[in-house]
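Accompanying notes for the structure given below.
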Amino acid sequence: MTLSPPEDPQFLPFKLDTVGRRILWLRLDAAQRHEAAFLDDRALPPQAEGGWMPWDSLPATNPTGASVAADAIFHIGHCGSTLLSRLLDSWTEVQGLREPLPLRSLAEAWPWLDLPESRLSPTEAPRLLLALWSRWSQPLAPHRRSVVKATSSCNGLIDPLLSQQPTMRAILLDMPLRPYLATLLKSPGSVHDAANAAAERLRDLHARGCADGIALHGLTLPQQCAMGWLAERLRFGAIAQGEHGARVLRMDFEELLADPERELRRAAAHLQLDPAGVTDALASSAWGRYSKAQTHGYGRQDRAHDLELATQRYGKEVAEGEEFVEAFVHRHPGLRAAVFA
């Protein structure tokens, strides 16, 4: 008997169409999921098998009830999250799912839920999130659990997911301001990504009551990048100190590079993985490859060289971003410890 996509675990909910109220189901085997740096159009196989179905086709929960809720990696963008995800793939029980598109679609819709122009209702969106996460929590054999790496624009969903999934654990990954700015500024595409995320991050800052006098149209691109870093540092800090803080681990990518064994042991302990797997993670070929395109060699020394050049070449812009953050903490001295924790 042929199973329908919602019944067949080889099919993933691949796209969410809020206008047509439908889901694209796509068959991806374990190897294809492992190779994919992004679960978007770049992951489409040559002869893709799947199709659109009404989103009511998405089961509310895993019908077998056997899967453990997927854990998650959330991050600020361009901070080594894909590498961390691939390192966690070193544990044979873990199936990494990197940046599924429907999660990004829900994150984009979330701030609008209470507005009349929202295509999703305030009750409908959480049900979709719950159903999608249940599906992503169903790994293919031989894996027994999933770790979803979200897109950096999905950080507004951290609290809703932690509330919905009482067993889910999350890693919140970022890095210090200067290497973050240098990483973005050396790539126009990365600056564009950060600028696209800036509106939601500024909205979050305003919601925390500490964005006095800050308007997006008044910020240069380096300042927008710095503001985004600042907003996520405060968001991550609040989550780590909040109701679900025991299920959250903050990690610094620079520290992962400086002492990978220590940081991987921290990650393994937090995600309740066998510490013996750290040995395989330390030996992973991912260390010497560009994480988003595994065919390209790119190791820690390559990155350090690129950052040194970028810091020199874009010194003025880096300083502009740093000055923005310093001016912010001067106005809000009580937040200095949280920003630079």
How long are the three semi-axes of the equivalent ellipsoid for segment 13-142, computed from the Cα gyration tensor as the root of 5 times each eigenvalue, in whole Å, largest first?
25, 17, 16
Heavy-atom accessible area per residue, the chain, 1.4 Å probe: how many Å²?
45
Taking all protein chains as present, what is the carbon and sulfur share of the accessible area of segment 181-325, in % to the nearest whole number, probe 1.4 Å?
50
Theoretical FRET efficiency, 1/(1+(r/R0)^6), r = Cβ-Cβ of Arg21 and Ser163, R0 30 Å, to 0.05
0.75
How far, in nm, would the chain grow between His305 and Ser190 when pulled straight, counting 0.36 nm per residue and subtracting the alpha carbon separation?
39.6 nm
If you count only protein heavy atoms and use a 1.4 Å probe, how large is the accessible surface of Asp17, to the nearest 10 Å²?
30
Charge-dipole axis of the chain as Lys and Arg at +1 and Asp and Glu at -1 on Cβ define it, positive-most pick from Val325, Ala194, Gln10:
Gln10
Which length gain, in nm to one decimal place, applies between Arg178 and Arg313 when the Cα-Cα distance is subtracted from 0.36 nm times their residue separation?
47.3 nm
If I model a spin label at Trp112 and His206 as a point 7 Å from the Cα along the Cα→Cβ vector, what separation in nanometres do I get?
1.6
Ignoring ligands and nucleic acids, Glu93 exposes an accessible area, probe 1.4 Å, in Å² to the nearest 10, of 40
Which entry is the computed Rg and Dmax of the Cα atoms in Å for this structure: (i) 22.6, 90; (ii) 21.8, 69; (iii) 19.9, 66?
(iii)
Assigning unit charges at the beta carbon (Lys, Arg +1; Asp, Glu -1) and nothing else, what dipole magnitude in debye, to the nearest 20, does segment 1-94 show about its Cα centre?
200
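The values are calculated or read from the model by the stated rules, or taken from the named source; none is laboratory data. Here the structure is a predicted model, which is why all the values come from computation and not from measurement. Positions of Cβ are generated from backbone atoms using ideal geometry, with glycine treated the same way; all protein chains shown enter the neighbour counts. These area figures cover heavy atoms from the full protein model, side chains too; ligands, DNA and RNA do not enter into them. Shrake-Rupley method; radii C 1.70, N 1.55, O 1.52, S 1.80 Å.
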